[in-house]
1. Okay, helix-only estimate at 222 nm for the chain: each DSSP H run of n ≥ 4 adds -39500 (n - 2.57), divide by all residues, round to 500 deg cm²/dmol; what do you get?
2. Just want to confirm a number: the relative contact order over the chain, from Cα pairs under 8 angstrom separated by 6+ residues, in percent.
3. Describe numerically, in nm with one decimal, the distance between label points set 7 Å from Cα along Cα→Cβ at S26 and at Q138.
4. Can you bin region 128-168 into rounded, prolate or oblate? Criterion: square roots of the alpha carbon gyration tensor eigenvalues sorted a ≥ b ≥ c, rounded for a/c under 1.5, prolate for a/b above b/c, oblate for the rest.
5. Could you pull out which residues in region 117-137 have an amide N less than 18 Å from a spot 7 Å beyond the Cα of A81, following the Cα-Cβ vector?
6. Do any GluC sites (Glu not before Pro) in region 110-189 lie in a loop, going by DSSP, with at most 14 other beta-carbon atoms within 10 Å of their beta carbon, and if so which?
7. Note down the nm distance, to one decimal, between modelled labels 7 Å out along Cα→Cβ at D40 and at V195.
8. S128 versus Y168, label points 7 Å from Cα toward the beta carbon: distance in nm?
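Coordinate-derived values only; no laboratory data. Predicted model only: the values in this text are computed from it and were never measured. Backbone-built Cβ (ideal geometry, glycine too); neighbour counts: all protein chains shown.
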Amino acid sequence: MCTTIIISLLALTASQVIAQYPPYYSNQSAPFNLYLRSSDSKLNGSAIVSCHEGAAIEGLCVAQAFNPPLSASTYNLNYSANAVPDPELGYTGLLTFVLGPGTINIYSAMAIFPNIATNLGLPLLEPSEDGTEVGFDQDNWMYIMGSSDHLTWQPYYRWYACTTVTSYTYQLLNWVYGDGQPENPTCYKVDVLRVFI
């Protein structure tokens with residue numbers, strides 16, 4: 001009994017200490033939509049829309065792939081209160097989405113999940129405080145910072161729209177690992193543009 005009381009008091013104290021600190025990605029940008037630029041006329045100008053992949057899991061679908069096309073989803077960039085923006089590349093942080101509206105809104109962050117059989121990664125939105133950091137440059141193009149030589153960091157824009165079979169078959173935004181071409185033959189190169197609402 002005494003042990004239970006002590007453990008309960010320690011847990012309560014720890015939760016109060018943790019509650020004093022805001023989440024790491026506590027700052028949030030104004031809401032925005034995402035649109036594609038591509039040399040493929042069917043993709044160029046298409047919106048990105050969050051589409052159902054599983055229980056509270058959303059993919060980043062190409063809106064034009066639906067008949068009729070779907071409206072763009074609303075996203076935010078959540079970033080650290082301690083972050084200092086790069087003059088040309090701005091803040092990096094988590095691409096976030098609110099699954100709703102309803103009586104319960106589910107806050108989700110984008111993370112890229114690798115497919116071990118290919119050089120493609122699939123961005124998915126899931127309820128989490130962690131994810132893959134992205135940024136938007138001064139022209140509002142979405143990038144991921146990386147280093148191929150482990151010395152110099154630079155923005156990469158390796159986004160592709162690919163027909164992808166997960167829980168469902170969709171045309172989804174994908175990320176290509178490395179500087180090669182995507183191994184999925186249905187992929188088209190795209191750039192992802194942020195447009196504030």
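1. Helix contribution divided over all residues of the chain: -3000 deg cm²/dmol.
2. 22 percent
3. About 3.1 nm separates the two model spin labels.
4. prolate
5. Output list for this probe position: 129-130.
6. Answer by residue number: E129, E183.
7. Placing both labels 7 Å along Cα→Cβ, they lie 2.0 nm apart.
8. Computed distance between label sites S128 and Y168 equals 2.1 nm.
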